[in-house]
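The values are calculated or read from the model by the stated rules, or taken from the named source; none is laboratory data. These figures come from a predicted structure and were not determined experimentally. Don't worry about glycine lacking a Cβ; one is built from the backbone with ideal geometry, like all the others, and counts go over all protein chains shown. Each accessible area value is taken on the protein alone, full model and side chains, heavy atoms only, with ligands, DNA and RNA left out. Shrake-Rupley method; radii C 1.70, N 1.55, O 1.52, S 1.80 Å.
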Protein chains: 2
Amino acid sequence: MSANQEKEQPRRRQARGERRIAQLLEAAAVVFTSTGYTAASTNAIAREAGVSPGTLYQFFPNKEAIAIELGERLMREMREAYGEALAPVDPTTPLEEAVGAAVDRFIAFNCEHPVFFALMHGPDIPGRITEEHDALHATLLSRIEGLLSSFLPDAAPADLVRTAHMCLGLYKAGLELVLAHEGAERDAYVQELKHALTRYLDPLVATGSPWRSTP
Amino acid sequence: MSANQEKEQPRRRQARGERRIAQLLEAAAVVFTSTGYTAASTNAIAREAGVSPGTLYQFFPNKEAIAIELGERLMREMREAYGEALAPVDPTTPLEEAVGAAVDRFIAFNCEHPVFFALMHGPDIPGRITEEHDALHATLLSRIEGLLSSFLPDAAPADLVRTAHMCLGLYKAGLELVLAHEGAERDAYVQELKHALTRYLDPLVATGSPWRSTP
DNA sequence: CAAGAATGCGAGCGAAGACTCGCGTTTGTC
DNA sequence: GACAAACGCGAGTCTTCGCTCGCATTCTTG
């Protein structure tokens, strides 16, 4: 009880240390993005950051902790910036508008932080990160379900869940294509993704609720 | 000139050897499916097959060769069984029917050979397999383009390419969901995937050439 | 049945990479 | 200025894993 009140007593850091941590996380983001988590070596991260391996381990107990911290910071930033992107909306909102707004926000985030995609998509990623990923996944799904249920108040729960999974899956497929292109072509893929989602959902909305997707 | 007419002279094999090869490939499929290519150790494959590491290397020069051979056999089987699944069809065929048939065939293949998905999706996979993957990808894309152009004879090439990429992407997203479920739920996801694809393409087909003209 | 080839084994080699350790340098505090 | 704590280093340890080697066993062939 008295001992070990906290698993880890955060070591006292100097400003220099905080800077190093940020620098290391940025370097890790670069390396993870280009090679994936497993193939990324801690030495490579240290080299990218311009420090020695020993210095890296001064701030992170192991390789996994780097990815965890990176993931947590990304999650926090995402929640702060786009937390409301999937909040239930007024069902009179046109479906197209709701989908478009959500897609734009998440695409923007993922384009700004390509690590996020790399971290969340490796088939190789260790347990703790997978947990985070699953948590995010579950959050997103319930948000999407909430959004859908505002359009489809009468849908069976199982169908709602399945539709939400489909939406997230379609979004991920589109995201991959969007990230693989640049400039005008990228914008075109964003548009196609919106089309795919809108057209997928439109019939459900049209037949399942009194509100049409477009007034 | 006279020497080295063939890079590899296929060693004379006994029936036992052929059996071992099949056995090893099957074991590799299991291990690759559950852990992915990179994380799969050759010792684990040998263990799964019930042989020693030395025996494995009697038949395969290295780890990559195992995946290559496995990939080639899968490709061959796929071509033999489903080669015509994406052949251009009579444009009067209902879109729903064309999409449904193609999806059913490819879903069936991927459900029967889950390795295929695992091998083609690792971000970690070495050069030679990626080449094969890209080749398959290109083949599929041109097939889809062909199929689309039979429905959309007036579409601009760039739009056709993009739409084909979207179709393949949407299919892959659906496939992942299908593989993640079983029984009735799996069937439901197959249906949803067909819906997503059909609804995505339907407006294009219905309005003739939506990129250039409006009804 | 012999002889050679194919098959089978598993301890062990070499490289790669996660992580440590001892020691020197910088920074904050009194 | 003095002391401690935080920072920084990079050669070195330890483990994992792809792969090899020497030798035993089983086939095939004459």
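Which of these, A:G183, A:G100, A:G146, has the largest mean-square fluctuation under a Gaussian network model of chain A (Cα springs below 10 Å)?
Maximum fluctuation in the GNM of chain A, among the listed residues, is at A:G183.
When the accessible area of each residue in region A:82-127 is compared between its chain alone and the complete protein assembly (1.4 Å probe; ligands, DNA and RNA ignored), which residues differ by at least 20 Å², being lower in the assembly?
The answer is A:P123, A:D124 - residues whose exposure falls by at least 20 Å² when every protein chain is included.
Indicate the gyration tensor shape class of region B:1-147 (rounded, prolate or oblate), computed on the Cα atoms with a ≥ b ≥ c the square roots of the eigenvalues: a/c under 1.5 is rounded; otherwise a/b larger than b/c is prolate and the rest oblate.
prolate
Probe radius 1.4 Å, ligands and nucleic acids left out: can you give me the accessible area buried at the A-B interface, summed over both chains, in Å² to the nearest hundred?
Roughly 2100 Å².
Using a 1.4 angstrom probe on the protein heavy atoms only, could you order B:C111, A:C167 from most to least accessible area?
These residues rank, largest area first, as B:C111, A:C167.
So what does B:K194 come to for accessible area, using a 1.4 Å probe and Å² rounded to 10?
Answer for B:K194: close to 40 Å² accessible.
So what is the calculated 222 nm ellipticity per residue for the protein assembly as shown, using -39500 (n - 2.57) for each DSSP H run with n of 4 or more, over all residues, to the nearest 500 deg cm²/dmol? Before the final figure, lay out the partial values.
Values: 18 runs with 310 residues, N = 430.
The per-residue figure over the protein assembly as shown is -24000 deg cm²/dmol.
Report, in degrees rounded to the nearest 10, the 0 to 90 angle that the Cα long axis of helix B:95-112 makes with the longest principal axis of chain B.
Approximately 20 degrees, to the nearest ten.
Using only the Cα atoms of the protein assembly as shown, build the gyration tensor, take square roots of its eigenvalues as a ≥ b ≥ c, and label the shape rounded, prolate or oblate: rounded if a/c is under 1.5, else prolate if a/b is larger than b/c, else oblate.
oblate
Nearest 10 degrees, 0 to 90: what angle lies between the long axis of helix B:63-82 and the longest principal axis of chain B (Cα atoms)?
Approximately 40 degrees, to the nearest 10.
Taking 0.36 nm per residue of sequence separation and subtracting the Cα-Cα distance, how much length would be gained by fully extending the chain between B:R16 and B:D187, in nm to one decimal? Present the calculation step by step, with values, prior to reporting the outcome.
Details: separation 171, 0.36 × 171 = 61.56 nm, distance 4.03 nm.
This chain segment gains 57.5 nm when fully extended.
Based on Cα positions only, what radius of gyration and what Dmax would you give for region B:68-206, in angstroms?
15.1, 44
Run the 1.4 Å probe and let me know the accessible area of A:R73, rounded to the nearest 10 Å².
90
In nm, what does the list of distances from A:E112 to its counterparts in the other copies look like, shortest first, when each label sits 7 Å along Cα to Cβ?
4.8
Compute the label-point distances linking A:G83 to its equivalents in the other copies; points lie 7 Å from Cα along Cα→Cβ; give nm, one decimal, shortest first.
A:G83 label point versus its equivalents elsewhere: 5.8 nm.
Could you identify which residue out of B:A46, B:A158, B:A27 has the top mean-square fluctuation in a GNM of chain B using Cα springs shorter than 10 Å?
Maximum among the listed residues: B:A158.
Kindly state, to the nearest 0.05, the FRET efficiency for A:A180 paired with A:T55, given R0 = 35 Å and r defined as their beta-carbon distance. Don't skip to the answer; put the middle values down first.
Working: r = 35 Å, r/R0 = 1.00.
For R0 = 35 Å, the calculated efficiency reads 0.50.
Can you tell me the 0 to 90 degree angle between the C-alpha axis of helix B:127-151 and the longest principal axis of chain B, rounded to 10?
20
Using a 1.4 Å probe over the heavy atoms of the protein chains, calculate the carbon and sulfur portion of the accessible area of region B:1-145 as a whole percent. Write out the running numbers ahead of the final one.
Values: 4200 of 8470 Å².
C and S atoms contribute 50 percent here.
Would you tell me the accessible area of A:L179, worked out with a 1.4 angstrom probe on the heavy atoms of the protein chains, in Å² to the nearest 10?
Approximately 50 Å² for this residue.
Would you mind telling me which residue in A:A22, A:A184, A:A173 has the biggest mean-square fluctuation in a Gaussian network model of chain A, where springs connect alpha carbons within a distance under 10 angstrom?
A:A184
Taking a label point 7 Å from Cα toward Cβ, how far is A:E64 from its twins in the other copies, in nm, shortest first?
Here the equivalent label points are 3.1 nm apart from this one.
Can you give me the relative contact order of chain B as a percent, contacts being Cα pairs under 8 Å and 6 or more apart?
Over chain B, the number comes to 20 percent.
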